[in-house]
C-alpha cells in the first residue's frame with residue numbers, strides 16, 4: 001500500500017529543486033547549441049565525393065543530446081507546473097507552510113516566526129495538516145487514509 005503522506009513529502013521536497021534543475025538543463029541546452037552550431041565554413045574538398053562519417057556521427061550525436069535535453073526541460077517544467085497548480089488550490093496558510101518548509105527549506109523557528117506561532121513544535125501540526133491536504137489534491141481519493 002502506498003504511503004501517500006510520504007509520497008507527498010517526497011514530491012514537495014523535489015519541487016524545491018525543480019527550478020534549479022530547469023536552470024541547469026537550460027544552460028546545458030545552450031552549451032550544446034553553442035558548441036554544435038555552424039562554425040566558419042571550410043571550403044569543400046571537391047576531390048572527395050562523400051562527407052566524413054565522423055562529422056555526420058558527431059552532428060547526429062549532438063542532435064540526439066539536444067533532443068534529450070529539450071524533452072527533459074519539457075518534462076521538468078510540466079512536473080513543476082503540476083505541483084504548483086495543486087499548491088495554488090490549498091488555502092493560503094497551508095500553502096505558506098509547505099512553501100517555507102519544503103521549497104524554501106526554512107528552519108522550524110523561521111517558519112514559526114513567519115506564521116506567528118510561538119513554538120516550532122506547533123509548526124509540525126500545521127505541516128502535517130497541509131501535507132495531508134496536498135496529498136489528497138495531488139493523489140486523489142487514495143490519499144484519504146493519510147488524513
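Select from region 105-121 the residues that are at pLDDT 85 or above and in contact with a helix residue (DSSP H, G or I) (Cβ under 8 Å, 6 or more places away or on another chain) and list them in ascending order.
Within region 105-121, 105, 106, 108, 110, 111, 112, 114, 115 qualify.
Against the condition surrounded by fewer than 18 Cβ atoms within 10 Å (Cβ to Cβ) and under 19 Å from residue 81 (Cα atoms), how does residue 140 come out, does it pass? Reasoning before the result, please.
Values: surrounded by fewer than 18 Cβ atoms within 10 Å (Cβ to Cβ): yes; under 19 Å from residue 81 (Cα atoms): yes.
It is true that residue 140 is surrounded by fewer than 18 Cβ atoms within 10 Å (Cβ to Cβ) and under 19 Å from residue 81 (Cα atoms).
Okay, residues lined up against (1) at pLDDT below 95; (2) farther than 28 Å from residue 21 by Cα; (3) within 21 Å of the chain's Cα centre (by Cα); (4) not in a helix (DSSP H, G or I):
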residue: 57; (1), (2), (3), (4): yes, yes, no, no
residue: 62; (1), (2), (3), (4): yes, no, no, no
residue: 75; (1), (2), (3), (4): no, no, yes, no
residue: 83; (1), (2), (3), (4): no, no, yes, no
residue: 129; (1), (2), (3), (4): yes, yes, no, no
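The values are calculated or read from the model by the stated rules, or taken from the named source; none is laboratory data. Note that this is a predicted model, so its numbers are computed, not measured. Using ideal geometry, Cβ is built from the backbone for each residue, glycine included, and neighbour counts are taken over all protein chains shown.
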